[in-house]
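*Asks:* Structure below; questions to follow.
The values are calculated or read from the model by the stated rules, or taken from the named source; none is laboratory data. Since the structure is predicted, the reported quantities are computational estimates derived from the model, not experimental observations. FYI the Cβ positions are ideal-geometry reconstructions off the backbone, even for glycines, and counts take in every protein chain you see.
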Amino acid sequence: MFKKTVTVFLAMLLIFSSTGLFSANVTHAAESKSSKVVYLTFDDGPNQYTPKILDILKRKKAHATFFMIEGNIKQNPKMVKRIISEGNYPALHSVSHNVQKLYRGSSNNVAIEMEKTRQTLLRVSGFNSKLTRAPYGSKPYMKKPLRDALAKKGFKMWDWDIDTLDWKYNRTQPRVITSRVKSGLKGKKGPIVILFHDSRGTAQQLPIIIDYLKKNGYKLEVYNPKHHIVKNFWNDRRF
Ligand SMILES: [Zn+2]
């Protein structure tokens, strides 16, 4: 009887510990999987560099999210349509891109400019996008009253995790863009949003960056409103 109890006890111990180990492994695998998701995002286009960026994305079987300025959408309707038809996500980046106009006047100004951009995108492409990015980032500019106005209209708002500073380096030291991606990834967990701009040096470095990400096990995702993630500097859950 005693021997049997010991055997049962040992068997149970074995089952529990192995289940424990199993679930620990599963959790770990799930964590490392989600921490290996990267979103490439491109601001301020579409412009003369956008077709090259789209060519590279197509060639590398990757997709990106494009935060576009209203005037550029109007000027480049074909590029906007191409962005969408090739599986990339079109998003909104204001009309003026101007700190004074957006952030220093009425609290409604950002919401008004994003709404105008949304309507232009819809008219040009038939695509209704609610994802926005505040020019120069939401902190410190998007204080609560501005966020309230934007949230009231049902918009989402994304910032980023890695700033490549490509606006600064793309002409003189484009390789810095790649090195900033590499160093920015270190120690970061969860879905990682990388900020780029539609620019010459960025287009030049993009194949190298995509190859590096893939080689290191990162999965390149494109924004999907059905699987929205919160990614703003205020950690405002409404966005
Ligand atoms: Zn911008």
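Rundown of residues vs (1) in a loop (DSSP other than H, G, I, E, B); (2) touching a residue at least 24 places away in the same chain (Cβ under 8 Å); (3) closer than 30 Å to Arg104 by Cα, yes/no style:
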| residue | (1), (2), (3) |
| --- | --- |
| Met142 | yes, yes, yes |
| Ala149 | no, yes, yes |
| Met157 | no, yes, yes |
| Thr178 | no, yes, no |
| Gly190 | yes, yes, no |
| Thr202 | no, yes, no |
| Pro207 | no, yes, no |
| Ile229 | yes, yes, yes |
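*Asks:* Within region 159-171, track down each residue that is buried (at least 18 other Cβ atoms within 10 Å of the Cβ), in a helix (DSSP H, G or I) and of a type outside the set (D, E, K, R).
*Replies:* So the first thing to find is which residues in region 159-171 are buried (at least 18 other Cβ atoms within 10 Å of the Cβ), and the list is 159-160, 162, 164, 166, 169-170.
Next, from what is left, pick out any that are in a helix (DSSP H, G or I): 166, 169.
Scanning region 159-171 gives a single hit, Tyr169.
*Asks:* In region 82-99, which residues are within 16 Å of the ligand (Cβ to nearest atom), in contact (Cβ under 8 Å) with a residue 40 or more places away in the chain and outside any strand (DSSP E or B)?
*Replies:* His93, Ser94, His97, Val99 - these are the residues of region 82-99 that are within 16 Å of the ligand (Cβ to nearest atom), in contact (Cβ under 8 Å) with a residue 40 or more places away in the chain and outside any strand (DSSP E or B).
*Asks:* Among the residues of region 138-155, is there at least one that is within 15 Å of the ligand (Cβ to nearest atom), over 24 Å from Asn72 (Cβ atoms) and surrounded by fewer than 17 Cβ atoms within 10 Å (Cβ to Cβ)?
*Replies:* Our first condition is that a residue be within 15 Å of the ligand (Cβ to nearest atom); within region 138-155, this holds for 138-139, 141-142.
With over 24 Å from Asn72 (Cβ atoms) added as a condition, the list becomes 139.
Checking the rest, the ones that are also surrounded by fewer than 17 Cβ atoms within 10 Å (Cβ to Cβ) come to 139.
Yes.
Residue by residue, here is whether (1) of a type outside the set (A, V, I, L, M, F, W, C); (2) more than 16 Å from the ligand (Cβ to nearest atom); (3) not in a loop (DSSP other than H, G, I, E, B) holds:
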position: Lys101; (1), (2), (3): yes, no, yes
position: Met114; (1), (2), (3): no, no, yes
position: Ala134; (1), (2), (3): no, no, no
position: Gln173; (1), (2), (3): yes, yes, no
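*Asks:* Within region 51-65, track down each residue that is within 16 Å of the ligand (Cβ to nearest atom) and either surrounded by fewer than 23 Cβ atoms within 10 Å (Cβ to Cβ) or of a type in the set (A, V, I, L, M, F, W, C) (or both). Reasoning before the result, please.
*Replies:* The first filter runs over region 51-65 and keeps only residues within 16 Å of the ligand (Cβ to nearest atom), leaving 53, 64-65.
Listed by number, the residues that qualify are Ile53, Ala64.
*Asks:* Here is a follow-up. May I ask you to say which residue of Thr164, Thr117 is closer than 26 Å to Lys219 by Cβ and modelled with pLDDT of 95 or more?
*Replies:* Details: Thr117 fails: closer than 26 Å to Lys219 by Cβ.
Unique residue meeting the criteria: Thr164.
*Asks:* Please work out if Gln48 is within 24 Å of Leu165 (Cβ to Cβ) and surrounded by fewer than 17 Cβ atoms within 10 Å (Cβ to Cβ). Give the derivation first.
*Replies:* Values: within 24 Å of Leu165 (Cβ to Cβ): yes; surrounded by fewer than 17 Cβ atoms within 10 Å (Cβ to Cβ): yes.
When the stated conditions are applied, Gln48 passes them.
*Asks:* Answer yes if at least one residue in region 201-223 is within 16 Å of the ligand (Cβ to nearest atom), surrounded by 15 or more Cβ atoms within 10 Å (Cβ to Cβ), under 26 Å from Ile73 (Cα atoms) and not small (Gly, Ala, Ser), and no otherwise.
*Replies:* Looking for residues that are within 16 Å of the ligand (Cβ to nearest atom), surrounded by 15 or more Cβ atoms within 10 Å (Cβ to Cβ), under 26 Å from Ile73 (Cα atoms) and not small (Gly, Ala, Ser), one finds at least one in region 201-223, hence yes.
*Asks:* Can you tell me how many residues within region 117-132 are touching an Asp or Glu at 6+ places or on another chain (Cβ under 7 Å) and away from the ligand (no atom under 16 Å from the Cβ)? Give the steps one after another, and end with the answer.
*Replies:* Looking only at region 117-132, we keep the residues that are touching an Asp or Glu at 6+ places or on another chain (Cβ under 7 Å), and these are 117, 120.
From the residues that got through so far, the ones that are away from the ligand (no atom under 16 Å from the Cβ) too are 120.
The number of residues fulfilling the criteria is 1.
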